[in-house]
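Report on one structure; see the data block that follows.
The values are calculated or read from the model by the stated rules, or taken from the named source; none is laboratory data. On a predicted model such as this, the values are computed, not experimentally measured, just so you know. Note that each Cβ is placed from the backbone with ideal geometry, even for glycine, and that neighbours are counted across all protein chains shown.
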Amino acid sequence: MKKLFTLIAIVSCLGLFSCGIKGHNRAEIPAVNAGDERIYGDVGGVARQTKNTYADDETGKTAERVTKIRQKMYPK
């Protein structure tokens, strides 16, 4: 039993140490959708949701509520 535990400990240590070998496990994978405006939007620009406009109701409460939410979520 002691030999089995020692063997498992050695194998697991070797497995953990192998992750740090220079040059291994460091693959650089290019971003498939890099620069795609449909996915990332305008990087550095305003969020697309802020461009939405909503029709006013008779009381005008919807527009007030939308304005308050925009001010809270996207302060200038």
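Against the test of being modelled with pLDDT of 80 or more and either on the phi > 0 side of the Ramachandran plot or basic (Lys, Arg) (or both), the options Arg38, Arg65, Arg48 yield a single qualifying residue, Arg65. Pairs are defined by a Cβ separation below 6 Å, a sequence spacing of at least 6 or placement on different chains, a first member in the range 54-76 that is among the basic types (Lys, Arg), and a second member that is surrounded by 11 or more Cβ atoms within 10 Å (Cβ to Cβ) and at pLDDT below 85; no pair meets this definition.
Say whether the condition of being at pLDDT 75 or above and loosely packed, with under 10 Cβ neighbours inside 10 Å is met by at least one residue in the range 5-13. Scanning the range 5-13 turns up at least one residue that is at pLDDT 75 or above and loosely packed, with under 10 Cβ neighbours inside 10 Å.
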